[in-house]
Amino acid sequence: MENNNQNNEKSQNQEQRTPRDRKPNPHRQNRPNTQSENTQDTNRPNPNPNRKPHPNRKPNPNRTPNGNVATTEGQGNTPTSNRKPNPNRNNPSQNRDNPNRKPNPSNRPSNKPGAKPAGNQNRSGGGNKGRSKRKNVTTVNDTMRASLEENARVKDATMNPWKQIDMSAKGKIRFTPLGGLGEIGGNMAVLETETTAIIIDVGMSFPDETMHGVDILVPDFSYLHTLKETKDVYVIITHGHEDHIGAMPYLFKELQFPIYGTPLALAMIENKFNEHGLSQYTNKFNFVTLRKQYQIGDMKIEWLHNTHSIIDACSLAVETPAGTIIHTADFKVDHTPVDNYTMDFHRYAYYGAKGVLCLFSDSTNSHNPGYTKSEKVVGKTFDSLFDLAKGRVIMSTFSSNVHRIVQAMERAVQHGRKVCVIGRSMERNVETNRALGFVDIEDKHFIEVHEVPKYSDNEILIVTTGSQGETMAALNRMATDEHRHIKLKPSDTVIISASAIPGNEASVSGLMNKLIKAGVTVRYKEFGDIHVSGHASQEEQKLILRLIQPKFFLPVHGEYNHIAKHAKTAVECGVDERNILLMSDGDQVEITTKYLKKVKTIKSGKTYIDNQNNMTIENDVVLDRQKLAEDGIVNVVAQISQSDQKVVGKPVVTSHGLVPDKDDKKFAKEIEVLLETMLLNMKPEALKNHKDIENDIRSVVRKHVVRTTKRYPLIIPTIFIV
């Protein structure tokens, strides 16, 4: 003790000195510094020199050889364990030259992933007084807390306006898509209450390459026949595209209901009725005004203007006994439309703020990120194309896309070109829109097709049909040199301002080949803005979802992958995934204020139409055509003697699409042997029924053909009993 006291006195009276160059005594206790920041006695001796060290505890390099903690120059505070020595500072107390000195493990950075920092790194900021104390702490009093709670309630009401819906309402509605889901086009759906049913659009779609001789497809109307018996039924039209009104004449040949729509949509339906001899049903038309509610049965319906690739396109706001329904129909958000008439966002927001029970929204472009380009960008592309064209310009697009047609016509007028419109549907739509005031181009700029030769090639614009490669369209007949008035020249520029409808890719490619063979300059996809879609991309879909903020969401219009992607976008925008249902044609969904569920499946399908005579083609006829195209046909004509059950003479066997011509005789001989063998084993009384014999022959021949060729042809036996 005496020696220890002497050492303490010396350490207090002397200047700071360098500790001796030796390792720490392993018998001394190496305790962590637990003194407070204001403690001045840092040289307290070890009270128990005989205590053995902990086997896992490393020595503290900051202790002096006598067991005391060394202090830094000019400070009386104990250094924290996480302070690193300053290599630029000449501090002899750090003993930098000691080769036996071990580093402090608390200062060593860890290379292990996810390692936590040293325990004292953020506590005192290097030992400065007061650094660990919180400053300027906001006091949340009762008034502030009440304001926070009120703002939280307002935010919840803003983001979930559907909570305003009267949850005690007992009404039920049912929604049944009969077309437009699982496909592109053919849009048709039924929304019904206990007493009223509205049919939203009656559209057509296009056949695929396996539907031989079929021009268009229309939905199956079977369910509408059952509705007519129990409810008041009305037709509601959103816009005039073929995939929304193309099947109207075929519906009215079976059933006649009141029709509601904007003037342009009903005018286009009237043109179709006149073609089909249904002009007497135009007395069913009801022309609607935007922003006005119409009481239709027990529903109130308002048409909301939106932007699309046709004039007068609308969405629907339907107030039902269960709640408000919004159906966007086809749309895109175009802030700079050609006619400067943008979407009526005020009305969308108005209904959204009131609370919407369910939103039905267009899913066609749900895989496209960002925004769909404005229709006006096509006009800028036309500027470039007209500048490049030296001869005639022939522009083909959808006949209903009047805004695009108008943009081409305006460029023609600017370049001193006359406009010639060719194609029945194109002529009809242009004249209809001119009559309604949507096309404002003077008569002097138009010429008839027989007047084209009177003008120089650089003074002509031809607007025509056929952008989808249709065989009978004007552009295809020009490409095959079959058009009566227009013969293509190498100086011509053909602009195809459209994209191929799914299923028409092969037809469009074939048209391109014909045009290039004719030597003309074709402008198609090499110009990025030669065509823009009329459907909303993801950011536009999000905008509608946020404006409406519905409780339930049903994506419509598109194949299954489109509606599935749209559903994911809705979840991102706050719709509960449990409140979303993915549908297919025929699925009937019941909606109340409390739930959304599928209740049953309705018969749906397609009816095949031959446009040459506007007549229906039965399903079995189409199936026979497919079988003929895929597997061929076998005809067997034979005379059978009833007395001896033998073939009289030789049977006549012909086949098409099954075996090559060089094998016809061999195949006929095989069938003859089959007939003789079958007749030998047949009971005499079996020859009394022609139908039974023909069925037996058909079965025997089919088995043989399947075994030898692995094909399933049509087999037509014709048997005479003599």
**Asked** If r is the Cβ-Cβ distance from LYS646 to ARG711 and R0 is 35 Å, what FRET efficiency results, to the nearest 0.05?
**Response** 0.75
**Complete:** Hits in the stretch 682-722: amide N under 13 Å from the 7 Å Cα→Cβ extension of GLU670, namely 701-713
**Prompt:** On average over all directions, what projected area in square nanometres does the stretch 542-626 have, based on the convex hull of its Cα atoms?
**Reply:** 8.4
**Message:** Once ligands and nucleic acids are excluded and a 1.4 Å probe is used, how much of GLU482 is accessible, expressed in Å² to the nearest 10?
**Reply:** 130
**Pairwise label distance in nanometres, HIS276 with THR226, each label 7 Å out on the Cα-Cβ vector** = 2.3
**Whether the stretch 143-199 is rounded, prolate or oblate, judged on the alpha carbon gyration tensor where a/c under 1.5 counts as rounded** = oblate
**Request:** Might you tell me the accessible area per residue for the stretch 376-510, computed with a 1.4 Å probe and given in Å²?
**Result:** 43
**Asked** Cα centroid distance between the stretch 379-421 and the stretch 578-626, in Å?
**Response** 39
**Fill in**
Projecting the Cα atoms of ALA146, THR195, ASN274 onto the charge dipole of the stretch 141-278, where Lys and Arg contribute +1 and Asp and Glu -1 at Cβ, the residue farthest towards the positive end is ALA146
**For SER425, solvent-accessible area (1.4 Å; no DNA, RNA or ligand), Å²** = 40
**Request:** Report, by chain and number, residues whose modeled amide H sits under 5 Å from the one on ILE394, excluding near sequence neighbours (fewer than 5 apart, same chain).
**Result:** ILE462, THR493, VAL494, ILE495
**Asked** Considering only LEU357, ALA408, THR397, whose Cα is most displaced toward the positive end of the charge dipole of the stretch 347-479, charges sitting on Cβ of Lys, Arg (+1) and Asp, Glu (-1)?
**Response** LEU357
**Asked** Could the peptides 143-156, 648-661 be put in order, highest first, of the mean number of other beta-carbon atoms found within 10 Å of their residues?
**Response** 648-661, 143-156
**Request:** Calculate the spin-label point distance for ASP443 paired with GLU526, positioning each point 7 Å from the Cα along the beta-carbon direction, and give it in nanometres.
**Result:** 4.1
**Request:** For LYS272, LYS170, give the ranking by accessible area with the largest first, probe 1.4 Å.
**Result:** LYS170, LYS272
**Message:** Quick check on packing: order 407-415, 540-548 by the mean number of other C-beta atoms within 10 Å, highest mean leading.
**Reply:** 540-548, 407-415
**Asked** Looking at the stretch 584-686, which trypsin sites (Lys or Arg not before Pro) are in a loop (DSSP not H, G, I, E or B) and have at most 14 other Cβ atoms within 10 Å?
**Response** LYS594, LYS603
**Computed FRET value (nearest 0.05) for LYS454 with MET615, which takes r as the C-beta separation and R₀ as 41 Å** = 0.50
**Item:** Candidate aspartates and glutamates - alpha carbon under 17 Å from LYS292, same-chain residues fewer than 8 apart omitted
**Value:** GLU302, ASP312, GLU319, ASP344
**Request:** Can you tell me how much longer the chain between GLU254 and LYS600 gets when fully stretched, taken as 0.36 nm per residue apart minus their C-alpha distance, in nm with one decimal?
**Result:** 122.1 nm
**Euclidean distance between Cα centres, the stretch 472-539 to the stretch 150-225, Å** = 34
**Request:** State the extension gain, in nm to one decimal, for the chain segment bounded by ARG424 and HIS212, taking 0.36 nm per residue of separation less the distance between their alpha-carbons.
**Result:** 74.0 nm
**Fill in**
Set LYS332/LYS390; LYS603/LYS627; LYS373/LYS489; LYS444/LYS489, cut-off 28 Å on Cα-Cα distance; pairs above it are LYS332/LYS390; LYS373/LYS489
**Fill in**
Taking the dipole of the stretch 612-686 about the Cα centre (Lys, Arg +1; Asp, Glu -1; charges at Cβ), the one of GLY657, VAL622, PRO684 that reaches farthest to the positive side is PRO684
**Request:** Compare TYR608, TYR712 by solvent-accessible area with a 1.4 Å probe and give them largest first, with all protein chains kept in place.
**Result:** TYR712, TYR608
**Prompt:** Computed FRET efficiency, Cβ-Cβ of THR143 and LYS292, R0 56 Å: what is it to the nearest 0.05?
**Reply:** 0.75
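The values are calculated or read from the model by the stated rules, or taken from the named source; none is laboratory data. Please read these numbers as outputs of a predicted model, since none were measured by experiment. Cβ sites come from the backbone with ideal geometry, for glycine too, and all protein chains shown count toward neighbours. The accessibility values were calculated without ligands, DNA or RNA, using every heavy atom of the protein model including side chains. Shrake-Rupley method; radii C 1.70, N 1.55, O 1.52, S 1.80 Å.
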